[in-house]
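Here's the structure we're looking at; comments come further down.
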Amino acid sequence: MVRLEPSRSERFRPRERLRRQADFARVLELRCSAADNVLMVLVAPNGRAWSRLGIRTSRRLGQAVRRSYIRRRIREAFRRSKDQIPVGLDILCLARRGAADREVDVVVSFYRLVRRAERALRRHTQDGA
């Protein structure tokens, strides 16, 4: 039988969403990032036992249907890889034009960029300490 509903660990819970403008601003201000032609990922510590995701899609990416499609792909990437990414991070994804390409694996790009941005965050906190 095919399981249609994701397992409990794969759900995208409300507590895992960046919502407040102050949280978005804090992540943007810290500037620990990694990017490729699909996404730009910025991270900041959040002091929680879980990571949170925020997504920004510009109107330059296309009409609302296309931007929604891109956001769904990024949420799916977070949901699938959240067991492997570090906890305690606020992750902000800025979508680029490549994110709408059906040939591109957003999950792989997301995971790789989060790891690179997290390493940049560690270097940033070591330099500042």
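The table below lists the values:
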item: In segment 21-31, the residues that are in contact with a helix residue (DSSP H, G or I) (Cβ under 9 Å, 6 or more places away or on another chain) and either exposed (fewer than 12 other Cβ atoms within 10 Å of the Cβ) or among the basic types (Lys, Arg) (or both); result: Arg31
item: Hits in segment 30-56 (condition: of a type in the set (D, E, K, R) and under 11 Å from the mean Cα position of the chain (by Cα)); result: Arg52, Arg56
item: Residues (out of contact with any strand residue (DSSP E or B) (no Cβ under 7 Å at 6 or more places or on another chain), surrounded by 13 or more Cβ atoms within 10 Å (Cβ to Cβ) and basic (Lys, Arg)) located in segment 88-118; result: Arg97, Arg112, Arg115
item: Residue identified as in contact with a helix residue (DSSP H, G or I) (Cβ under 9 Å, 6 or more places away or on another chain), part of a helix (DSSP H, G or I) and among the aliphatic types (A, V, I, L, M) among Ala99, Ala44, Ala34; result: Ala99
item: Qualifying residue in segment 71-85 (condition: touching a Pro at 6+ places or on another chain (Cβ under 7 Å), crowded, with 21+ Cβ neighbours inside 10 Å and touching a residue at least 24 places away in the same chain (Cβ under 8 Å)); result: no
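Taken together, the values in this text are just the output of simple stated rules run on the coordinates, not laboratory data. As the structure is a computational prediction, the values presented were derived from the model and not from experiment. Methodologically, a virtual Cβ is constructed for each residue, glycine included, from the backbone with ideal geometry; neighbour enumeration extends over all protein chains shown.
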